[in-house]
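Remarks on the structure that follows.
The values are calculated or read from the model by the stated rules, or taken from the named source; none is laboratory data. Small disclaimer: the values here were computed from a predicted structure and weren't measured. Positions of Cβ are generated from backbone atoms using ideal geometry, with glycine treated the same way; all protein chains shown enter the neighbour counts.
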Amino acid sequence: LFIPSGLNNSFFVRDFSGLPGLEELVLSSGGIEQIDTNVFRSHVLLRTLDLQKNKLRQLPCGMPSGLEILHLGHNRIHSLQESPLEGLKKLRVLNLQNNQISTLRTNTLTLLQRLECLYLDGNQIKSIHGVPRLPLLSLLSMGSNSISSISSTFFSSLQLLKTLDLSSNRLTKVPHGLPRSLVHLNLDRNQIRSLRNRDMSQLHNLITLSVSSNRLVSVAGGLRLPNLSVSEASQATAGVKSAQQQTLHPACTEPTKTKSSIFGRKPMAVQL
């Protein structure tokens, strides 16, 4: 069910009821500021909820336990509270792009044991606390934040992670402890000065490495990534779009149009 944006307001959402068979609900671009706790009580079959481009300041409470895909991008959410997420045992995709989150507390995310795709691009994240215990996570996108460092233990429980986007942050080096499972790694537009063997040698499954627009002065001569087929290392920025403009990866179902490559643009040949 798609609700026209002109009808999406806090009063309408507070009174929303009467369609218990709904599986997908789109309430985007409506200026919604809050949602009544009981509004989804009868919607036990709801699988996809799209609340993008509203004015929500916190995660809605009372979301149905069977929810699998939740879009909350382009709101004003400033933190992740535990209570709204506690019952979402089946959630696979969580989109929180372009909000106002400044601190990522991973113990909250650990409630989402079936999460496969997490989007946190375009927030204000400076610090990350704890280890996210998300055994099924395959895609983590945190581009366009203010992250300067990541603990070496951060990735220790992400054994199935295949796609990691940390573009447009403040990293000065490749994060330690990257999981062996990684297939696609985007480190564009950071402040990285070198690619060292000890940071990358375990990434035997890596196919795409993107490190354009950094401050690279050295690349380890003995660096061996046997499956690497694409590497971006140019300093050019022409035609590169920010992570805030990217859409979700096609592996994670979402209603907007996806782009042609894993990081939203055509791969380039390696340029050092």
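Within segment 73-88, residues that are of a type in the set (S, T, N, Q) have Cβ atoms under 6 Å from residues that are modelled with pLDDT of 95 or more in these pairs: 75/54; 75/56; 75/99; 81/59, counting only partners at least 6 apart in sequence or on another chain.
Listed residues 36, 50; which is within 15 Å of residue 95 (Cα to Cα), modelled with pLDDT of 85 or more and not hydroxyl-bearing (Ser, Thr, Tyr)?
50
Scanning segment 40-99 for residues that are over 14 Å from residue 118 (Cα atoms), outside any loop (DSSP other than H, G, I, E, B) and touching a Ser or Thr at 6+ places or on another chain (Cβ under 6 Å) returns a single hit, 50.
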